[in-house]
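Structure first, commentary second.
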Amino acid sequence: MYMTPMMLSSSLVLTLNILLYPLLTALDPTPKKPQWASTHVKTAVSTAFFISLIPLMMFLDQGTESIMINWHWMNTSTFDINISFKFDHYSLIFTPIALFVSWSILEFASWYMHSDPYMNRFFKYLLLFLVAMIVLVTANNMFQLFIGWEGVGIMSFLLIGWWYGRSDANTAALQAVLYNRVGDIGLILSMAWMATNMNSWEIQQIFFLSKDFNMTLPLLGLILAATGKSAQFGLHPWLPSAMEGPTPVSALLHSSTMVVAGIFLLIRLHPLMENNQLALTTCLCLGALTTLFTATCALTQNDIKKIVAFSTSSQLGLMMVTIGLNQPQLAFLHICTHAFFKAMLFLCSGSIIHSLNDEQDIRKMGGLHKLMPFTSSCLTIGSLALTGTPFLAGFFSKDAIIEALNTSHLNAWALALTLIATSFTAVYSFRVVFFVTMGTPRFLPLSPINENNPAVINPIKRLAWGSIIAGLIITSNFLPLKSPVMTMPFMLKLAALFVSIIGLLSAMELAAMTSKQFKTTPTLPLHNFSNMLGFFPSTIHRLMPKLNLTLGQLMATQLLDQSWLEKSGPKGIASMQIKMSTHASDPQQGMIKTYLTIFLLTSTLAILLMLL
Amino acid sequence: MPAILYFMFYASLGLGTSLTFLSSHWLTAWMGLELTTLAILPLMAQHHHPRASEATTKYLLVQASATGMLLFATILNGWVEMSWSINEMKNPYALTLAMSALALKLGLAPFHLWLPEVMQGLDLLTGLILSTWQKLAPFALLMQISQAMPPTLLTILGLSSATLAAWGGLNQTQLRKIMAYSSTAHLGWSVIILQFSPGLALMALGIYIMMTMAAFLTMKDMSSTKISTFSTSWSKSPEKMVAMILILLSLGGLPPMTGFTIKWLVLEELTKQDMYTPATLIVMAALISLYFYARLSYFTIISLFPGTTSIKTYWRQKNIKDKLILPIATTATLFLLPLMPLTLALTYFYN
């Protein structure tokens, strides 16, 4: 057996097993020590991270990838289902990044959730989620991917509803499950199509056979799945609602790992879509619409976590646009860099929230730059990385995407929307920074502002390093499969930067207006498109259930009860017989004349009929 | 009434029916029919009750017109065919008229309307005689002329009897009217198979007579004429009421009682003759009549209302002397199903 692939595969299996070990020991019913979360779970994740660096280095040095088929799980006569892992460059790069981000988040969570009585269970849930995510990312067949997919969905539900005493949290968890389920319809449709037409769920076989088929139907199914999981427009409201969960949950699931699962699915199965214009255009337009819509919604939000959530949604739309441009590797690059700065933004938000005694409204923060210098600096670094400031992490992926968009012969509308969304990114990021860190404080005087705990500082510090240099490291080390267009007009090259600066300047002007009063009685509309989230939740969330429930009621009462039981079934027969019985008893008048007349008439009739 | 009169009337009744059985000439057959009609009239009116008198009058009118029509039909046949013989009656018009007349005498639909009222005016024993003995003579004549009769008319008679009797019987609470409708229905079953197998028709009639006898005699012992009486008669004689439930279900044609024999064999013969639609229709009608028999059984169920255990049956039983006929009839009604081949063979002397 060759040494390098064996080391690669065994390191990655060891990673997975190290992550599984605390979960298996948790099956033992003896209660754990309160430090179990820190000593067992966090250590497991950090160890797994360091071990997963070995295969990463091997990949960077020699470009080794491997596919492992471990176990023939079950089969019908012609259809096999196996456990197989694919360690290609996508999963080899994503796994260490996910583990790194998870490590930081778990360390932060040990401070954030330290007063929670069920902290050990919280960590167990987070670890289970991480295992499911790794299973999803390393899956080589659709069945294993589906296991990971459903696993992350369930854990998202449990974690969003962590504080289940709060009805809003329960509603949000249910919303997440429902919207994900709608997307799952697409995934199961694609899986069924593949099973019946290609007789396999193994990805290699699907790629090989896809040339013979018209793949439009399964691709649309996959796009629906991505819409559900990655909160594209149409199935997006669950992501802002998911901010009901604790901040570590938002940081891990709803920024870095779970929501990118949908995009990751499309990246994995991209060779199927390369030649299908319908699928590509759908991705492009859907992504463009999502990114602009959610950026618009983010402009008027007042909850710091919701702004970051909408920003995540906007970046997911951008990833979808990239896939629509036939550039899966750029999308993957954006996933990796986005993980760093988005997780950091969430951790900074969490630190600020805890410091201000659970205050989440940015209108009640301010002037934190002097009071929490480290956190606010990292907030600023993260926001700059998000907007694509040159040579930070976000720049390498975002600018490459915008350049590819500008130089491709594609939909000008999608391009326009994406550029506008990029400028909006700058606007809302500046809004966050302005309201949180600048100006004078608007919070209560006795807020327990304290960022001196190493459990807070170290994770944010690590992620800050990542936000700064990750882009550079990743782009220097992997080989693009599609050659990027290097020559373009000057304005196109600077387009992304240009619109971001315009956005920033307009945001600064608008923010400066908050302390001035131009009209004596300013009239502000309370409900506009932006802060009602496009009126999407207001219309859809009551309308769809009402339609379905009235249809159900109609079927139960009119179709079943009335038609089958009352009119035609038992009651119908009974009423008919009663009527006939009345008719049969009516001639019984007691008059012999009647009876004898009937006799006469019937005999005459019989004779007449005989004559005919 | 003095006993000698009872002897006279019952003897005339028997003589009349026997005369009709024995005759091969239409005139003697007519004589027998008139004799039975006249003989039963005083028996009906013996209680001098206005309702009884009304029932007697109605009976006389109906039967007289029926017998008159029969005489007319036979004279027509005699004029055309030059024959007084019952067996060789061939003229189709005469046959149709004779059939209608005999149907009116028997109480088949659509000529059944007089039967419930007449039956309601009588006491139970006379009602029994009306629904059993009085059917024998006309039925004998019907059997003899059935070979040349147009089959459509017989089928229509049978089907309409079964259905109209079923629907009519649903609406009743008086037991005598229910028995009248049951008589029409069973005779419908008899008549519909008459064209294919007269022996089977005779067997159907015979089993019907057994069942009706058991029902009427039990009702006479309970002195019950309404459904509401049934619900309280369990305390007088619980054994009889248990038997009554089964007799009623036997009338409805439910296995494993004897009444099922009729339904079974008639349906088998009908399907052998490819008469599927009439078979389905007549058995659906029997289902409806089964409903009212089952309803009667339900009211007979010995179910106590909540109370103390001092509620028991009567201390003094009614006199059950000289009543051997009831056990015989009940046994025949309930337990003769395994002997079906024997019962069939006894009556299967035609084809």
Practice prompt. Could you tell me whether region A:499-521 includes any residue that is over 45 Å from the mean Cα position of the chain (by Cα), part of a helix (DSSP H, G or I) and more than 10 Å from every other protein chain (Cβ to nearest Cβ)?
Written response: no
Worksheet item: Tally time: how many residues in region A:110-130 are small (Gly, Ala, Ser) and in contact with a Ser or Thr (Cβ under 8 Å, 6 or more places away or on another chain)?
Response: 1
Worksheet item: A:Lys342: within 16 Å of the chain's Cα centre (by Cα), in a helix (DSSP H, G or I) and assigned by the TED database to the domain that holds A:Ala464, yes or no?
Response: yes
Fill in: Output for region A:355-379, where each listed residue is assigned to a helix (DSSP H, G or I) and either outside the structural domain of A:Leu446 (by the TED database) or touching a Ser or Thr at 6+ places or on another chain (Cβ under 6 Å) (or both)
A:Leu368, A:His369, A:Thr375, A:Ser376
Item to complete: For residues that are more than 11 Å from every other protein chain (Cβ to nearest Cβ) and polar (S, T, N, Q), scanning just region B:80-129, find the one that is farthest from the chain's Cα centre (by Cα).
Response: B:Ser83
Practice prompt. Examine region B:137-157 for a residue that is buried (at least 21 other Cβ atoms within 10 Å of the Cβ), farther than 30 Å from B:Tyr276 by Cα and more than 8 Å from every other protein chain (Cβ to nearest Cβ), and state whether such a residue exists.
Written response: yes
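For (1) in contact with a Ser or Thr (Cβ under 6 Å, 6 or more places away or on another chain); (2) in a helix (DSSP H, G or I); (3) not small (Gly, Ala, Ser), each residue gets a yes or a no:
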{"position": "A:Lys398", "(1), (2), (3)": "no, yes, yes"}
{"position": "A:Ile420", "(1), (2), (3)": "no, yes, yes"}
{"position": "A:Phe424", "(1), (2), (3)": "no, yes, yes"}
{"position": "A:Gly439", "(1), (2), (3)": "no, no, no"}
{"position": "A:Arg442", "(1), (2), (3)": "no, no, yes"}
{"position": "A:Asn458", "(1), (2), (3)": "no, yes, yes"}
{"position": "A:Lys461", "(1), (2), (3)": "no, yes, yes"}
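Let's see how each residue does on (1) of a type in the set (Asp, Glu); (2) closer than 30 Å to B:Ala166 by Cβ; (3) within 14 Å of chain B (Cβ to nearest Cβ):
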residue: A:Arg542; (1), (2), (3): no, no, no
residue: A:Gln558; (1), (2), (3): no, no, no
residue: A:Leu565; (1), (2), (3): no, yes, no
residue: A:Gly572; (1), (2), (3): no, yes, no
residue: A:Ser585; (1), (2), (3): no, yes, yes
Discussion item. Six or more apart or on different chains, Cβ atoms under 8 Å: show the pairs whose first residue is in region A:198-224 and outside any helix (DSSP H, G or I) and whose second is crowded, with 19+ Cβ neighbours inside 10 Å and among the hydroxyl-bearing types (Ser, Thr, Tyr).
Written reply: A:Glu202/A:Ser84
Discussion item. Can you find a residue that is without any contact (Cβ under 8 Å) to a residue 60 or more places away in the chain, in contact with a helix residue (DSSP H, G or I) (Cβ under 9 Å, 6 or more places away or on another chain), of a type in the set (Phe, Trp, Tyr) and surrounded by 17 or more Cβ atoms within 10 Å (Cβ to Cβ) anywhere in region A:110-120?
Written reply: no
Worksheet item: Quick one: is A:Ile263 buried (at least 21 other Cβ atoms within 10 Å of the Cβ) and either farther than 28 Å from A:Asp358 by Cβ or not hydroxyl-bearing (Ser, Thr, Tyr) (or both)?
Response: yes
Worksheet entry | Residue tally, condition in contact with a helix residue (DSSP H, G or I) (Cβ under 6 Å, 6 or more places away or on another chain), farther than 13 Å from A:Leu325 by Cα and crowded, with 24+ Cβ neighbours inside 10 Å, over region A:397-426 | 6
Item to complete: Identify all residues within region B:26-78 that are away from chain A (no Cβ under 11 Å), more than 20 Å from the chain's Cα centre (by Cα) and surrounded by 21 or more Cβ atoms within 10 Å (Cβ to Cβ); write none if there are none.
Response: B:Trp26, B:Ala29, B:Leu70, B:Thr74, B:Asn77
Worksheet item: How many residues, within region B:148-160, are in contact with a Leu (Cβ under 9 Å, 6 or more places away or on another chain) and assigned to a helix (DSSP H, G or I)?
Response: 8
Worksheet entry | Filtered residue count, region B:161-174, keeping only those that are more than 10 Å from chain A (Cβ to nearest Cβ) and either out of contact with any strand residue (DSSP E or B) (no Cβ under 8 Å at 6 or more places or on another chain) or not in a loop (DSSP other than H, G, I, E, B) (or both) | 3
Fill in: Residue identified as assigned to a helix (DSSP H, G or I) and modelled with pLDDT under 95 among A:Ser110, A:Ser77, A:Ser84
A:Ser110
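The values are calculated or read from the model by the stated rules, or taken from the named source; none is laboratory data. Computed from a predicted model, the values in this text were never measured in an experiment. Note: ideal-geometry Cβ built from the backbone for every residue, glycine included; neighbour counts use all protein chains shown.
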